[in-house]
Structures are given as C-alpha cells and as structure tokens.
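A.B. asks: Take this structure first; my questions come after.
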Amino acid sequence: MAATDPKLEKLRSIIRSTGSAAVAFSGGSDSTLVARVARDELGERAVAVTIDSPLFTRSELKDAKTLAKTLGIKHIVVRSDPLDNPAFNRNPPDRCYMCKLIGFKEVRRVADDLSLEHVLDGSNSDDEKAYRPGSRAKEELGVRSPLVEAGLTKEDVVRISKRLRLPTHGKDPSPCLATRVPYGDPLTVELLRRIEKAEEQLARRGFRQVRVRTHGGTARIEVSKDQVRRLLQPSVGDETVRRLKSLGFTYVTVDLEGYRSGSMDEVLGR
C-alpha cells in the first residue's frame, strides 16, 4: 500500500469539514483536484458548477463536462455573460475582479438553491503570490480555497493529481480569453471568438502554452519557449500568417520571449 500523502490528507480533512459545497469548476488541474476530493469526501453533498460565458472556450467547456462525468460528480452549467456589463466591456485593469465576482455570485446562487453551505475554488498557494485582482471577489463572497488552506503549490497539485490518476495532471493552464486583450481595449464576442479560433489553429499543429495576444489588428503569438524556433520556420510561419489573417488579423507577430503567464500585466509594472 502506498504511503499516505500529508498534504492530500490535509486537503481531504478541510473539504470533509465543510459538510457540503459547490465547487467553481473550470476543468483545469486545480479545480479538478478540488472536485475529485469533494466528491470523495462529500458524496452527493458536492456539486461542480461551471460558468459558460464568452470568456470560456468551447473546447474547455466540453472538457469540463467530460471531466465531471469521469469524476462522478453532479455537474451544473450556468450561462453567464460578463459582456452584458458595460463597465466590464471597457476592459479595466480590475476586469478579473469583476468577472470573478459575477461568476462566484452564480456559484453561490446554485449553492444556496441546493442548500450547500460553502463555495470552493481551485486557487493554489502559488496563485497567492501573483497579481490576481480576482482574489478580492473571493474575500467579499466568502469563497474558500482549500488548496491554499492545505498549503498546496502548483507542484503539489500536479503530484497529487498523478497519484489520483486524474487526466488533468499535465494540463496547461487556460485562463479566460480576456487575458489576451490589452487593458482598455473593448471586449467583444467577435474578438474573443477570433482569438479562440487562432489558438485552436496553433494547438492543432502541436504548439503548447499557446496565447494569441491582440494589439489592435495585430496578433502577438506566444508559445512554449522551446517551440519558438519551430514557429519561425518559413513553412510553419507562412502558414500561420495565412491562417490568422484569414480570421481577420492584419498583422501576425511572434513573441521571442515565448509564453509567460500574465504578460499583459507587464504594463502595470507588477
């Protein structure tokens, strides 16, 4: 029998102590681990809630539905559109806070309707070190982060996910599509779908950690650092330019620094 994992056992204890919970579930590695342990410890007193909005890619929504079925946890999909809020549409630096507030309110509503006491999310300890204005929404609505409470880092999440044989243990993060757009540039459904299709084109060609950041009519492509050279090969680059221009981009560029989380926040000096 494999030795017990102290951090996993602590996570189990924390989630068990909630008694009942709705898990804000994106289908990423973090929320999948929380959902799995919630199902194990709370049974039918746990549900996974996914927010279906234009900021969430169609492939991610499909994956979330499949994952919830695999986990055996009740799954509720709630349609919500932050773009209906003019203040959010203006794309301010605190857009993440506004979006999270809207999303967590929906999860809280589901929890209240089902008489579930807590709302849980998948934030981990490493997330607490980064610029995440969405954390304020958690505090205002009393959302708990069991991975943080248990002291789990991203590395811990990967390790424990492997131990539990979760299919998400090696999954790249996929934050909302608004993170591809500079603060102050208006957000529209058309722009977000264009970004989504562009990233799908690159992912289908085997590129990892793909981000297509927009600057007006220019697409700035980020891929895993070790794949930048491949993207610059004439045959690959020419085809990429052709495909992205067909989606409506005027110019197509490659970021030589490669993928880095939160690169749009660099203008904030954080």
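The values are calculated or read from the model by the stated rules, or taken from the named source; none is laboratory data. The structure displayed is predicted, hence computed values, not measured ones. Cβ: placed from backbone, ideal geometry, glycine included. Neighbour counts: every protein chain shown.
A.B. asks: Looking at (1) surrounded by 14 or more Cβ atoms within 10 Å (Cβ to Cβ); (2) more than 15 Å from the chain's Cα centre (by Cα); (3) of a type in the set (S, T, N, Q), which is the only condition T70 fails?
C.D. replies: Tallying (1) surrounded by 14 or more Cβ atoms within 10 Å (Cβ to Cβ); (2) more than 15 Å from the chain's Cα centre (by Cα); (3) of a type in the set (S, T, N, Q), T70 fails exactly one: (1).
A.B. asks: I've got another one for you. Of the numbered conditions (1) more than 17 Å from the chain's Cα centre (by Cα); (2) buried (at least 16 other Cβ atoms within 10 Å of the Cβ); (3) closer than 23 Å to P146 by Cα, R16 fails exactly one; give the number of that condition.
C.D. replies: Of the numbered conditions (1) more than 17 Å from the chain's Cα centre (by Cα); (2) buried (at least 16 other Cβ atoms within 10 Å of the Cβ); (3) closer than 23 Å to P146 by Cα, the odd one out for R16 is (2).
A.B. asks: Follow-up question, since we're still on this one. What are the residue pairs meeting all of these: first residue in the stretch 99-116, first residue under 15 Å from T50 (Cβ atoms), second residue among the aromatic types (F, W, Y), Cβ atoms under 7 Å, and 6 or more apart or on different chains?
C.D. replies: Listed by first residue and then by second, the contacts come to C99/F88.
A.B. asks: What are the residues in the stretch 115-127 that are of a type outside the set (G, A, S) and either touching a Phe, Trp or Tyr at 6+ places or on another chain (Cβ under 8 Å) or surrounded by fewer than 16 Cβ atoms within 10 Å (Cβ to Cβ) (or both), if any?
C.D. replies: Result: E117, V119, D121.
A.B. asks: Would you check if there is a residue in the stretch 128-138 being in a helix (DSSP H, G or I), in contact (Cβ under 8 Å) with a residue 12 or more places away in the chain, of a type in the set (D, E) and surrounded by fewer than 21 Cβ atoms within 10 Å (Cβ to Cβ)?
C.D. replies: yes
A.B. asks: Please name all residue pairs, on different chains or six or more residues apart, with Cβ atoms under 8 Å, provided the first residue is in the stretch 19-39 and is under 14 Å from K69 (Cα atoms) and the second residue is modelled with pLDDT of 95 or more and among the aromatic types (F, W, Y).
C.D. replies: Here the result reads T32/F25; A35/F25, each pair linking the stretch 19-39 to a residue that is modelled with pLDDT of 95 or more and among the aromatic types (F, W, Y).
A.B. asks: Quick one: in the stretch 192-222, which of the residues that are within 17 Å of the chain's Cα centre (by Cα) and of a type in the set (A, V, I, L, M, F, W, C) is surrounded by the fewest Cβ atoms within 10 Å (Cβ to Cβ)?
C.D. replies: Here the answer is A203.
A.B. asks: Could you list, in sequence order, all residues of the stretch 197-248 that are under 19 Å from V181 (Cα atoms) and of a type in the set (D, E, K, R)?
C.D. replies: K197, E199, E200, R211, R213, R220, E222, K245 - these are the residues of the stretch 197-248 that are under 19 Å from V181 (Cα atoms) and of a type in the set (D, E, K, R).
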